[in-house]
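Below is one structure, written out as structure tokens; the observations come after it.
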Amino acid sequence: MITAPENLKIRSTLTIGIIPEENVFELKKKYLPLMKYLSYKLAMKVQVKLLDSYGAVDEAIARGEIDGVILGSAGVVKRYAKHRFDLIARPQYSGSDSFYKAFIIAEKDSGITPDINTWKGKKLALAHERTATSIFVKWYLKKRGINSEQQIFRKVEYAGSHDAVIILLLERNAAIGGVKDSVLKRFIEGHPACRGRFVILAESAPAPENTLVVSSRLPVDVKNLLKKTLLEIHDHPEGQVALKVLGADRFIATNYSEYAAVENMLHDLGSAASIRQDSPSQINK
Amino acid sequence: MKKKLIIGLGLLLFIFVIGAAATIYNLHIVMESHRMVSIQDVVADKANEMLLQIKGAQAELYRHKAGYSRDINVFVDYVLGLEENLVLAAGDYAPYLQNPSCNNCHPAREHIGSYNETVQQAQKKLQLFKQKMSLIMTSRELHQQMEGEAIGITVLIVNDLENMKHMAITMKKILQLRRDGEISRAAYVIALTSLFSIVFAFIIMNVLFRKISVPLRGLLTGIERISSGDFDHQIKVITKDEIGVVAQTFNQMAVDMKKNAREKDSLLTELQFFNLELERKVSEVTAELTMANESIRRNEILAVVGTLAAGVSHELSTPLGTILGFIQLFKTQLIADKSLMEDIILVEQELLRCKKIVSDLLDAVKSPKREAANTGMNEVLSEALDLLQYQPIMKTIAVHKDFDPALPLLKVARSQMKQVFINILMNAMQAMPGGGRLSIATLNVGNGFVEIHISDTGKGIAPAEQAKIFKPFYTTREGGSGLGLSISADIIGKHGGVIKVKSLPGEGTLFTISLPLNEQRGGLGA
């Protein structure tokens, strides 16, 4: 039986925003069992709010519509100092080490190779300009002397999510795409016909998987209980069910230092001026 | 009976189980039909709900397209709700589709197949819709073509859902018809089964009742007959069950009761005989006691009489001696007058007899033991008869003597015994004033006794007087002293004998004197 301390019952709702890194319908279905589990454990309604874009996170936080959000690595690095939120935990997906890589991919029979000369004049599809994948593409091009995507690509389209990028590639609405390896893997698992259709042109250094961060305004006991609940979720049968739907084995604690690779890319791109190295977290590590 | 009851009740139970099973089976069919009809309602409602969801999604899509909303959550909720309902709809007929025999007998099976295909088509369209809409909702680019395709998909999905709703309603009508038919058939079967069960149960109960009640009635009748004393009645044993055993036992009991009744009657008869015998013996003993009492009383009287007689005799002896002396003197002085002499002699004889009487009276009150001697009864009887020979009445009486020549001698007081015989013979002579027959007999009757019979053909003694004649001073004869027979009985009694009288008035009297032989061996002489 899932129970919660009495003093937590004074807060009625906890809203967690989710960035649209993949199909929003599947994304919501994945997180619903986890929210249900947290509702029981925290004795409050824990709900999901889908965000239609990565940029919507800032607006939602500013309007107080969300108490926390599951952010990608770039989102964490870029907003860490600005919003002073606390890192709670991130899932460790089955068969991975809780890190992902950014892939630059193209269809195998498109004639596009890792040689960037073959990329010229093609249409590039990315999820959002603020994702680590977009940063990696920019960093990758810059390392090869190209300062802007427009210098090599005919057009850049931000599809909104990683699986939308894949769909654009499959529908030939784009030739090259930047995607998270974990999303690509799940998409291929869901669409076996796509297996072997893509070639990886480049891949980034590992970055932490999407992490749950919460507002620093959230009561400390709620944050502590939330973190404790997630870190122990794999010990409970109900939690195991939620993890299975999420495709994860467990949740692990996240430290800001794990985001060094993304931070370095941003630094190389000259966008890391506002990044702070010290952790403002007030919650238990 | 237990076996019959078990069989009967078992049959009843079996019938009711069959009836109940038939009823339950038909109710199950009716309920199943009703459930299937209800499922169609649920399916139709679900189709309606899905239509609302897809139309809600369409509206959100138009709003998004028009730029009025950037919140995709409502839209996503519509689509996910629709997707969830489609999954549920796909499972609505899964039990029928997974079971070929069940599906084959389903009255709307062709509609089920079409319905399920439509659901699957709608699910595929929804997946494509979700894929496109996720991109449309999250992309920063305008995808007008894709939006148009998405709207087209929603139209197709709406058509599918309308088809599903229509099929659900059609199946509901088909199933309602079937349900109504099955309800009618079930009602008919249940009524028929109930009627059959009741009739068959009545027959079984009737047979069972007869099997039990008839023997019981016979048993009760038999009990009543036997209770009223008819032990010859036998209950007819027609069964081998407990009632039969009871009947057999009862019959045996009746036989035993009859036997006991006979024994009781026999014992009762014997008891009555014993009672009579006892009464007779009591009467005899009472008579003997009465006689003994009489004897005691007579002895007491005789004792008084003896004392009186002794005194009287003593006083009379002197004057009688004086008179007799003078008579003898007269005889010597009146020898010449012969006629006077004869009278004087006669007076002298009478005086001698008076003296003898007084003497005998004295002897009577004396114990006979002192003069007891072996005496022949025939001889004593002859002497007594000789003494009476000269009595005038003897001329009209024929004397018949029947003496036993081998009669043993008895040890008795001869004079007393002679006095007894004279007394009895005198009574016999006086009972025959007009003449008659006097019979005297002696005989050895064995068993240690000798009997002397003296009978006459005189006037006899009335029965009321027969018991009194041995009492002292009782007499029916004018001028009698009433002492003769009482003294005689006393004498015989002192000799250990008995004197009895039998008499019929007008025909005569028999005196029987029994004397014991053992007195000869020293009874009186000791």
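The values are calculated or read from the model by the stated rules, or taken from the named source; none is laboratory data. Every value quoted in this text rests on a predicted model; they were computed, and no experiment measured them. Here the Cβ is made from the backbone with ideal geometry for all residues, glycine too, and neighbour counts use every protein chain on show.
Things worth noting here:
- Filter pass, B:Ile452 being under 17 Å from B:Ile491 (Cβ atoms) and assigned to a strand (DSSP E or B): yes
- One residue stands out in segment A:150-186 among those that are within 10 Å of chain B (Cβ to nearest Cβ) and charged (D, E, K, R): the one that is nearest to the chain's Cα centre (by Cα), namely A:Asp163.
- Within segment A:63-74, not a single residue is surrounded by fewer than 19 Cβ atoms within 10 Å (Cβ to Cβ), in contact (Cβ under 8 Å) with a residue 60 or more places away in the chain and touching a Lys or Arg at 6+ places or on another chain (Cβ under 9 Å).
- When B:Gln58, B:Gln53 are screened for being under 30 Å from B:Glu141 (Cβ atoms), buried (at least 17 other Cβ atoms within 10 Å of the Cβ) and touching a residue at least 60 places away in the same chain (Cβ under 8 Å), only B:Gln58 passes.
- All told, B:Gly67 falls short of being among the small types (Gly, Ala, Ser), touching a residue at least 24 places away in the same chain (Cβ under 8 Å) and within 13 Å of chain A (Cβ to nearest Cβ).
- Matching residues, segment A:150-180, being part of a helix (DSSP H, G or I) and either more than 17 Å from A:Glu21 (Cα to Cα) or not acidic (Asp, Glu) (or both): A:Gln150, A:Gln151, A:His162, A:Ala164, A:Val165, A:Ile166, A:Ile167, A:Leu168, A:Leu169, A:Leu170
- Residue match in segment A:138-145 (condition: modelled with pLDDT under 95 and assigned to a loop (DSSP other than H, G, I, E, B)): yes
- Against the numbered list (1) closer than 18 Å to B:Met167 by Cβ; (2) of a type in the set (A, V, I, L, M, F, W, C); (3) modelled with pLDDT of 80 or more, B:Leu135 comes up short only at (1).
- Cβ separations smaller than 6 Å between residues 6+ apart or across chains give the following pairs from segment A:22-51 residues that are within 13 Å of chain B (Cβ to nearest Cβ) and without any contact (Cβ under 8 Å) to a residue 24 or more places away in the chain to residues that are of a type outside the set (A, V, I, L, M, F, W, C) and not in a strand (DSSP E or B): A:Phe25/B:Lys130.
- Which numbered condition A:Ile188 fails, given (1) in a helix (DSSP H, G or I); (2) of a type in the set (Val, Ile, Thr); (3) in contact with a strand residue (DSSP E or B) (Cβ under 7 Å, 6 or more places away or on another chain): (3)
- Residue list for segment A:109-149, restricted to those being surrounded by fewer than 21 Cβ atoms within 10 Å (Cβ to Cβ), within 14 Å of chain B (Cβ to nearest Cβ) and closer than 18 Å to A:Val199 by Cβ: A:Lys123
- Only a single item in (1) closer than 18 Å to B:Gln127 by Cα; (2) within 60 Å of the chain's Cα centre (by Cα) is not met by B:Gly81, and it is number (2).
- Single residue of segment B:72-120 satisfying the filter (modelled with pLDDT under 75 and assigned to a loop (DSSP other than H, G, I, E, B)) that is farthest from the other protein chains (Cβ to nearest Cβ): B:Pro107
- Verdict on A:Phe198 being within 14 Å of chain B (Cβ to nearest Cβ) and either touching a Lys or Arg at 6+ places or on another chain (Cβ under 7 Å) or not aliphatic (A, V, I, L, M) (or both): no
- Residue, nearest to the chain's Cα centre (by Cα), within segment B:228-262, restricted to residues that are among the hydroxyl-bearing types (Ser, Thr, Tyr) and within 27 Å of B:Lys2 (Cβ to Cβ): B:Thr249
- Applying the criterion of being of a type outside the set (Ser, Thr, Tyr) and in a loop (DSSP other than H, G, I, E, B) to the residues of segment A:52-69, the residue that is nearest to the other protein chains (Cβ to nearest Cβ) is A:Asp52.
- Of residues in segment A:9-40 being among the hydroxyl-bearing types (Ser, Thr, Tyr) and surrounded by fewer than 17 Cβ atoms within 10 Å (Cβ to Cβ), the one farthest from A:Leu243 (Cα to Cα): A:Ser12
- Test result for B:Arg262, modelled with pLDDT under 70 and either over 30 Å from B:Ile469 (Cβ atoms) or surrounded by 11 or more Cβ atoms within 10 Å (Cβ to Cβ) (or both): no
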